[in-house]
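The values are calculated or read from the model by the stated rules, or taken from the named source; none is laboratory data. Just so it is clear, the structure is predicted and the values come from calculations on it, not from any experiment. Using ideal geometry, Cβ is built from the backbone for each residue, glycine included, and neighbour counts are taken over all protein chains shown. When the accessible area is computed, the model is the full protein with side chains, heavy atoms only, and any ligands, DNA or RNA have been set aside. Shrake-Rupley method; radii C 1.70, N 1.55, O 1.52, S 1.80 Å.
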Amino acid sequence: MIVNATRMLQAAKKGHYAVGHFNTNNLEWTKAILLTAQKLNSPVIIASSMGAAKYMGGYKVVANMIRGLDEALGITVPVAIHLDHGNYEAAKACIEAGFTSIMFDGSSLPFDENIAKTKELVALAHDKGLSIEAEVGAIGGTEDGITADGEVADPEECKVIASLGIDFLAAGIGNIHGIYPEGWSGLHFDALEKINQATDYIPLVLHGGTGIPDDQITHAIHDGISKINVNTDCQLVFAEATIEYCKAGKADPTAENSSKGYDPRKLLKPGFEAICKKVEEKIRLFGSADKANY
Ligand code: 13P
């Protein structure tokens, strides 16, 4: 069932669990996320970055693929189709392309411009029934080979952005996209509490869900995180399973007893199954299993 993400995240905030946001890259990814959410009776957010959407053929392709699979697989749990880290143009394009939720990431813009554009996109998104996430303070990550500790957002800036009518807010609390560096200082729970208070307990989003120790995830959910973004984790297990399959010679057409293991439906199956397993592990950790009827 395709929905926006507003109510599912309000229910998560109230019920002290988090909904998983899983980035998709293709059909296998999408199918794995949908089937696993259905199996666990969990709401789910399937997201595409601008780059992944370009790879797949554009925003309409992404929206139509998710909608098509949702219908064909008989998915009854709530599913939001979300743009991840969109710029202004991408956010506008996704509002028209059949997404049900957008993230406008104006965190690299001067604050006044972030405010103005977020405000405009809130009106456009809500007019069409979409939910909208905004961001304050960039989420850390590896750029040019340098990995810093994640940024921590200023509660006052969070307050201003939250007051614009957005549905959920990504605010850095020391989190980082991708693999965490050795010696990472961990999540800043004191900052999380200040942001919660400043934003009047709007649902908060934790980016960089890969590699955060389970006890910190549980703590963050307890303290008000309602949406957790996971991307790298699924990429890693997909790659690992595919490499293992190939190393075992199963894709080799010259191998003895070759059973056409190079057929993409066979070649991509271990990766698909690995994503199902990873998504299941995350949904159970986030506590959203059996929360489809919020
Ligand atoms: P990871 O790739 O670290 O899981 O982060 C995903 C993310 O935050 C997407 O917005």
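Mind pulling the angle between the C-alpha long axis of helix 27-39 and the longest principal axis of the chain? Nearest 10 degrees, somewhere in 0 to 90.
70 degrees
Which log10 I(q)/I(0) values, to two decimals, does the range 62-123 give at q = 0.16, 0.22, 0.26 Å⁻¹ under the Debye formula with one point per Cα?
The Cα Debye sum returns log10 ratios of -0.56, -0.84, -1.03.
Provide the descending list of Cα extents for the range 18-175 along its principal axes, expressed in whole angstroms.
Principal-axis extents of the Cα atoms in the range 18-175, largest first: 45, 38, 29 Å.
Whole number in Å², please: accessible area per residue of the chain, 1.4 Å probe, ligands, DNA and RNA not counted. Intermediate results must be reported in sequence, preceding the final value.
Numbers: 13110 Å² over 294 residues.
Accessible area per residue: 45 Å².
Taking the Cβ-Cβ separation of V61 and L236 as r and a Förster radius of 25 Å, what is the calculated FRET efficiency to the nearest 0.05? It would help to have the intermediate numbers written out before the result.
On the way: r = 25 Å, r/R0 = 1.00.
In this case the efficiency is close to 0.50.
Take the Cα pairs of the range 22-93, get the Kirkwood Rh, then feed it into Stokes-Einstein at 37 °C and 0.692 mPa s and tell me D in µm²/s. Before the final figure, lay out the partial values.
Numbers: Rh = 12.2 Å.
Estimated diffusion coefficient is 269 µm²/s.
Please get the size of the charge dipole for the chain, origin at its Cα centre, with Cβ charges of +1 on Lys and Arg and -1 on Asp and Glu, quoted in debye to the nearest 20.
Working: 26 positive and 38 negative charges, 274 e Å.
Computed about the Cα centre, the dipole is about 1320 debye.
In the chain, what percentage of the DSSP-assigned beta bridges are antiparallel, given to the nearest 5? Intermediate results must be reported in sequence, preceding the final value.
Details: 3 of 34 bridges.
Just about 10 percent of them are antiparallel.
In the structure displayed, which of K119/K278; K14/K92; K31/K92 lie more than 28 Å apart, Cα to Cα?
Details: K119/K278 36 Å; K14/K92 30 Å; K31/K92 26 Å.
Table pairs above 28 Å Cα-Cα are K119/K278; K14/K92.
Given the DSSP H assignment, sum -39500 (n - 2.57) over each helix run of at least 4 residues in the chain and divide by its residue total; what's the result at 222 nm in deg cm²/dmol, nearest 500? Write out the running numbers ahead of the final one.
Values: 12 runs with 136 residues, N = 294.
-14000 deg cm²/dmol, from helical runs alone.
Report the relative contact order of the chain, percent, no decimals, based on alpha-carbon pairs under 8 angstrom and at least 6 residues apart.
Working: 605 pairs, mean separation 65.0, N = 294.
Relative contact order here is 22 percent.
Just to confirm my numbers, what's the Cα centroid distance between the range 173-225 and the range 58-94 in Å?
Cα centroid to Cα centroid, the span is 26 Å.
So what does log10 I(q)/I(0) come out to for the chain at q = 0.07, 0.08 Å⁻¹, using the Debye formula with one equal point on every Cα and no solvent?
-0.25, -0.33
Report the gain in length on full extension from K119 to K247: 0.36 nm times residue separation, minus Cα-Cα distance, nm rounded to one decimal.
Values: separation 128, 0.36 × 128 = 46.08 nm, distance 5.14 nm.
Between K119 and K247, full extension yields 40.9 nm more.
Can you pull out the chymotrypsin sites (Phe, Trp or Tyr not before Pro) in the range 188-292 whose DSSP state is coil and whose Cβ has at most 15 other Cβ atoms within 10 Å? Intermediate values should be presented prior to the final figure.
Working: sites: F189, Y201, F238, Y245, Y262, F272, F286; in loops: Y201, Y262.
Those that pass, being in a loop and sparsely packed, are Y201, Y262.
Scattering from the C-alpha atoms of the range 116-269 alone, worked out with Debye: what is log10 I(q)/I(0) at q = 0.10, 0.11, 0.15 1/Å?
Each listed q maps to, in turn, -0.50, -0.57, -0.82.
Along each of its three principal axes, how wide is the spread of alpha-carbon positions in the range 246-294, in whole angstrom units, largest first?
The Cα atoms of the range 246-294 stretch 52, 18, 12 Å along the principal axes, largest first.
How much of the accessible area of the range 182-294, probe 1.4 Å, is carbon plus sulfur, in whole percent?
51 percent
Assuming 0.36 nm per residue, please report the length gained on full extension of the stretch K260 to A289 beyond their Cα-Cα distance.
Numbers: separation 29, 0.36 × 29 = 10.44 nm, distance 3.72 nm.
Full extension from K260 to A289 adds 6.7 nm.
When the Kirkwood radius is taken over all Cα pairs of the range 199-242, what Stokes-Einstein diffusion coefficient follows at 10 °C and 1.306 mPa s, in µm²/s? It would help to have the intermediate numbers written out before the result.
Working: Rh = 11.6 Å.
So the translational diffusion coefficient is about 137 µm²/s.
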